[in-house]
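Below is one structure; the comments refer to it alone.
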Amino acid sequence: MTEVTAANAPDGTPTRGGASAVTVARVRGRGPARWTWGQLGLLVVLATVVLFTVPNPSLAIGMLIYGLWASGLNLLVGYGGLVSFGHALPFMWGGYAAGLVLLNVTTSVWLALFMAAASMALLSLVVGAVCLRRTEVYFSMLTLAFAQLGFFIALQWDSVTGGDDGLAGIPVPTLWLPGTTLELNSLRDPLTFFLFTAVVVLVTFAALILYTESPMGRVLQAIRENEERARGCGYNTRLVQLVTFVVAGTVAGLAGGLFAMLNNFVGLQPYWLLSGGVLIMVILGGRSSLFGPFLGAVVYLLLETTLSQYYASWQLFVGAIFVVCVLAFPQGLWGLVISARPRRLLSKVRRRR
Amino acid sequence: MTDLILRAENLDRSFGGIHAVNDVSLEIPRGTLHAIIGPNGSGKTTLFNLITGHTHPSSGRVEFDGQDITGMAYAKVARKGLAKSYQITTVFPLLTVFENVRIAAQAAAHSYVFWRPADGIKAVTRATEEVLERIGLAADRDVIASNLSHGDQRRLDLAIALATSPRLLLLDEPTAGMSPTETAATVELVRELNRDVTILMIEHKMDVIFDIATTITVLHQGKKLFEGAPAEVKSHPLVQEVYLTGSL
Ligand SMILES: Nc1ncnc2c1ncn2[C@@H]1O[C@H](COP(=O)(O)OP(=O)(O)OP(=O)(O)O)[C@@H](O)[C@H]1O
Ligand SMILES: [Mg+2]
């Protein structure tokens, strides 16, 4: 006997048995068009829209940073099928790393960001090596455990992290460019800060696209689909997952570093809330692309700021919206947008090629 | 001395009280098509698993192309040039047919490349297209694997194995669940593949392999019952009895 594995939509989201007409249409025949490098264009558009419509500059910059963080996490969640509950760990510690460099070593933005990314790559290598010894929910629990561990270390290690008070008074970073020197002061000159962040985010995002399009990234998806078969092709599947864990951690570290510079401060925040928040951004935006989670982050932050103005218990609403999203469109906001495009026209164009 | 690609010596494995593979030895000369037949539960798949490293033998050893691979992990064995297709279809369900095969085709030379897009690696694309052409799935290259018919999924399973460019191809009932027409086409395909790769194949439908196999090994309750050329196997009284009555 042969098992029939048709109970999933092409974007990797499981559908329930007796799928609706819509789902069947999606599953049948050719898969939906894949956005690859086009995602970079989408991101430029999104960043431009954010720049011109979001009145609060700190929120606009935060959207870029959180978006990058969420896109990086989706390497694990969407592409790798590895749900990390502890992605706040490299984000916060990346913030500490950048903050410590700026406070104690140099105000060079490049060095601070490099240290944030490199130290979190190293940390992720260790954490990933342990967590990936298990799969599925056990993997998730291990990532959560490490995040909690990191939280308590940050809390106890006063001399380095400032404990409860956090790292305050992080100096304004300096951007040395050939010919000029810029101060990245998020309060006095938010536009420069926004543009700098946008460039860093775009370049990193492009690297993420390249990773998903590379042979290695393809294997990552193949492992998600069927690890046994990937082994049968000769791949060291753990190695591929570990490299991905390191890449996602590095990106989170970089994002955390940017976030520390934005606020000139790094403080303790409950990890499980932050880790959960970034997961919600991923699921809300959609797991089948890198752009989806970015969009998810922007929408999430928009909801958060809008709702929190009116309701003290805004998280209740975010939670409710999230539940509705998961139940009604598991492919996420971006998945919804893609599948709403006139499919017939698209398939015609493709056939003509 | 014949040039052996695979030598399995006295392989043995039990599961609880079941002696799944009982002291089985195999010698497969390069270039041949060796078939393993036997009733349900006679240990055919387990024997495969002992060879590929899925299951460790409690005793015995496996030598592939002159190298001891006993107890070596499956992925490592695969890298050495031994590929297997599955009795229960095992593909990457939500990837396209092309992607399924490309994953296998890139394994040899570009396995862990992350600094350039897979689409740009011409050699891999060409190798993938060749395999699709050969297996007869070229027209379905953009179809999501789980949308293929059962028979086509079986062929895709085989295509993935083939795309790793193995020196020994292990096929576990490649025609399982296929219609007579599909079965005939697959048998023809296997015969054609055998021109440049050694094949070790499990088959349930005896009649389909009599024409193509060089040697047939008959397993029964984990033991090697008989081994010989197809004509000998066909006329052997013990074999007939096993197949007609299902027991000895
Ligand atoms: N992992 C396992 N755990 C326990 N018992 C097993 C395991 N694998 C195989 N067996 C048992 O070993 C015996 C041989 O099984 P195997 O799958 O090798 O037979 P087979 O010849 O491939 O049968 P079929 O023609 O049905 O595919 C069976 O009795 C089976 O139940
Ligand atoms: Mg079997």
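In summary, B:Arg154 fulfils each of the numbered conditions (1) basic (Lys, Arg); (2) more than 7 Å from chain A (Cβ to nearest Cβ); (3) buried (at least 16 other Cβ atoms within 10 Å of the Cβ); (4) away from ligand 1 (no atom under 16 Å from the Cβ) with the single exception of condition (4). The single condition among (1) within 28 Å of B:Val218 (Cβ to Cβ); (2) surrounded by 16 or more Cβ atoms within 10 Å (Cβ to Cβ) that B:Leu94 does not meet is (1).
Remark: A:Leu284 matches the filter, which requires a residue to be free of Cβ contacts under 8 Å to residues at least 60 places away in the same chain and either under 27 Å from A:Ile170 (Cα atoms) or hydrophobic (A, V, I, L, M, F, W, C) (or both). Restricting the range A:222-267 to residues that are basic (Lys, Arg) and touching a helix residue (DSSP H, G or I) at 6+ places or on another chain (Cβ under 8 Å) leaves a set whose member that is farthest from the other protein chains (Cβ to nearest Cβ) is A:Arg224. Here B:Pro174 fulfils each of the conditions (1) more than 7 Å from chain A (Cβ to nearest Cβ); (2) touching a helix residue (DSSP H, G or I) at 6+ places or on another chain (Cβ under 6 Å); (3) part of a helix (DSSP H, G or I); (4) crowded, with 19+ Cβ neighbours inside 10 Å apart from (3).
Could we say that A:Phe85 is in a loop (DSSP other than H, G, I, E, B) and aromatic (Phe, Trp, Tyr) here? Yes, satisfied. Applying the criterion of at least 1 residues that are away from ligand 2 (no atom under 16 Å from the Cβ), in contact with a Ser or Thr (Cβ under 7 Å, 6 or more places away or on another chain) and within 13 Å of chain A (Cβ to nearest Cβ) to the strands (runs of 3 or more DSSP E) found wholly in the range B:1-111 leaves B:82-85. Based on this model, can you work out whether B:Asp207 counts as of a type outside the set (S, T, N, Q), in contact with a strand residue (DSSP E or B) (Cβ under 6 Å, 6 or more places away or on another chain) and part of a helix (DSSP H, G or I)? Spelling it out, it is not the case that B:Asp207 is of a type outside the set (S, T, N, Q), in contact with a strand residue (DSSP E or B) (Cβ under 6 Å, 6 or more places away or on another chain) and part of a helix (DSSP H, G or I). Comparison of A:Thr212, A:Thr197 shows that the only residue that is in a helix (DSSP H, G or I), within 18 Å of B:Ala104 (Cα to Cα) and of a type in the set (Val, Ile, Thr) is A:Thr212.
Values in this text are rule-based calculations from the coordinates and carry no lab data. The structure displayed is predicted, hence computed values, not measured ones. In this analysis, Cβ positions are derived from the backbone assuming ideal geometry, glycine residues included, and neighbour counts consider all displayed protein chains.
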